[in-house]
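The values are calculated or read from the model by the stated rules, or taken from the named source; none is laboratory data. Keep in mind that this is a model prediction, so the values were computed, not measured. Quick reminder, even Gly has a Cβ in these numbers, built from the backbone with ideal geometry, and neighbours come from all protein chains shown. Please note that ligands, DNA and RNA were not included when accessible areas were found on the heavy atoms of the full protein model with its side chains. Shrake-Rupley method; radii C 1.70, N 1.55, O 1.52, S 1.80 Å.
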Amino acid sequence: QLQLVESGGGLVQPGGSLRLSCAASGFTLDYYPIGWFRQAPGKEREGVSGISGSGGSTMYADSVKGRFTISRDRAKNTVYLQMNSLKPEDTAVYYCAAKTPSTGWGLSPNEYDYWGQGTQVTVSS
């Protein structure tokens, strides 16, 4: 089965940066749309960013647009989320997820089939 492992989370001050990694085990991610999601305690899981299987199309939640960048490194079978200008409101557990390839994709958690265990991001002074 497709397994995903997130890494790169940690504690950072407001205005700082982190880069999250989503590494695949057992399968290549080349043809899977990949999404990044986050969930704070007591809150609904929300979509943050997504990238198409081809890597030619990306999308971002309004709350992170202009600050976060999603990318693929096919040689490393890894998807990244570069997070800049971090705010306390970005504090959450961040998950990556893979969607079975199809003609449509988006940032709804229900669309995605395979999930990692998450990595904690804490933005605090």
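Relative contact order for the chain: what is it in percent, counting Cα pairs under 8 Å that are at least 6 residues apart? Kindly include the intermediate steps, with their values, before the conclusion.
Details: 320 pairs, mean separation 44.7, N = 125.
With pairs under 8 Å counted, the relative contact order is 36 percent.
Entry note, the stretch 27-80: relative contact order of 30 percent, from Cα contacts under 8 Å with a spacing of 6+ residues. What the stretch 11-81 shows is 51 Å² of accessible area per residue, with the surface traced by a 1.4 Å probe over protein heavy atoms.
Tell me the carbon and sulfur percent of the accessible area for the chain, rounded to whole percent, probe radius 1.4 Å. Show your work: numbers first, answer last.
Details: 2940 of 6340 Å².
Carbon and sulfur together cover 46 percent of it.
For the stretch 19-125, a Kirkwood hydrodynamic radius built from all Cα pairs, placed in the Stokes-Einstein relation at 20 °C and 1.002 mPa s, yields a translational diffusion coefficient of 155 µm²/s.
Roughly what % of Cα-Cα distances in the stretch 2-58 sit above 16 Å, to the whole percent? So the portion of pairs separated by more than 16 Å is 59 percent.
Taking trypsin sites (Lys or Arg not before Pro) as exposed when DSSP calls them loop and at most 13 other C-beta atoms lie within 10 angstrom, the chain has its longest site-free stretch at 66-125.
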